[in-house]
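Following: one structure in structure tokens, then a few remarks.
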Amino acid sequence: MGKLFKNLRNSTIPIILVIGLLVLQAMCDLSLPAYMSDIVNVGIQQYGITDITPTEVRQSEMDKMTVFMSDKDKQTVLDNYTKTTHGKYDTYKLKDNLSKDTVQHLDNIFKKPVMIVDAMESDQGKKMVKQYMEQMQKQAEAQAKAAAIAQAK
């Protein structure tokens, strides 16, 4: 064993370099699944959008989303946006230099409202709302008939 180490003394720097490169290779191999996951989750499924919080949104869309927020959440959202005008549209622009915690908190607030508004405005959502309204109208008519029959007796 001693003779082996005597002969390896001349190659100390290359041995350390090889060990360092092996550690670097292992770290790269272990980080590859995380990079692939980010490519799929953020790049493909979310179309490159990392945050739910819109950087700029029309006032009409903001009004739709705030309907589905509590008063406290609505105030938090409006405190972090500035109202501006672009051409004929009033918009809300996200304030600059917000902390990551603030953006994450806004993401949590926007999750459900964005999903609900998107679902309602999609073709499938419009069909569901139309069916619901037709069903409600039928129920109202049936209740009116039942009330008329009850009054006739």
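For the reader, a short list of remarks on this structure follows.
- Put simply, when 21-28, 91-98 are sorted by average Cβ atoms within 10 angstrom per residue, most first, you get 91-98, 21-28.
- Where 68, 110 fall by accessible area, highest first, once all protein chains stay in place (1.4 Å): 68, 110
- Here volume of the Cα convex hull per residue in Å³ was calculated from the structure, and among (i) 163; (ii) 272; (iii) 114 it sits at label (ii).
- Within the accessible area of the chain, the carbon and sulfur atoms contribute 60%, probe 1.4 Å, all protein chains present.
- Semi-axis lengths, Å, the range 65-153, gyration tensor of Cα atoms, sqrt of 5 times eigenvalues: 42, 15, 14
- Label point distance in nm, residue 7-residue 30, each placed 7 Å from Cα along Cα→Cβ: 3.3 nm
The values are calculated or read from the model by the stated rules, or taken from the named source; none is laboratory data. As the structure is a prediction and not an experimental result, all values here were calculated from the model. Counting neighbours? That spans all protein chains shown, and the Cβs are built from the backbone with ideal geometry, glycine included. The area values use the complete protein model at the heavy-atom level, side chains included, leaving out ligands, DNA and RNA. Shrake-Rupley method; radii C 1.70, N 1.55, O 1.52, S 1.80 Å.
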